[in-house]
Amino acid sequence: MFKLSEIKELIKLVDQTSVHELEIENEGARLSIRKPGRTEVVNVQAPSFPTTYLPAAPVAHASPVGAHAVPAEEAKAAPAADTSHLNRIVSPMVGTFYRSPSPDAAPFVNIGDRVTDKTVVCILEAMKLMNPLEAEVKGEIVDILVENGQLVEFGQPLFLVKPE
């Protein structure tokens, strides 16, 4: 269930960014915030049945920059890669994901780069604050799961890391 303080913080976040709509599920409760002319809470509903937590489904790989999109039919036909042996770097907050410190700077990390627990892998912008995210694991970046400038949710996987 969402706390009132969390809802207020999310409304402020949506209001202060270019995001026009945000939907989040947390412990079976669903929150939807839309910003047509002003931010308003559209729907908050709690489940009427117990929520069962299942293991996470295998993560689909993001396309490298410049690659073409795969049609939905082909994506469904391709078998999902087993990622159970990989570590996930997840978002500790709701915010906007940035791969580099500025638009004209090189990305913090690329696929194939080795990281340590103190390596900064991205920046998450929340409420106009830029928050560097450290890897907190050692290994090799094998996939970047989100696009630069994409809004990410709390707990959303951002990177897959092959442990050393």
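Key figures
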| quantity | calculated |
| --- | --- |
| Inverse mean reciprocal Cα-Cα distance (Kirkwood Rh) of segment 84-163, Å | 12.4 |
| Rounded FRET efficiency, nearest 0.05, which uses the C-beta distance separating Lys128 from Ser32 and R0 of 35 Å | 0.90 |
| Label-point separation in nm, Lys138 to Val90, each point 7 Å along Cα→Cβ | 2.4 |
| Added length on full extension, which subtracts the Cα-Cα distance from 0.36 nm per residue, Glu153 to Ala105 | 14.8 nm |
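A short reminder: the numbers here are calculations on the coordinates, not readings from a lab. Values in this document were obtained by computation on a predicted structure and should not be read as measured data. FYI the Cβ positions are ideal-geometry reconstructions off the backbone, even for glycines, and counts take in every protein chain you see.
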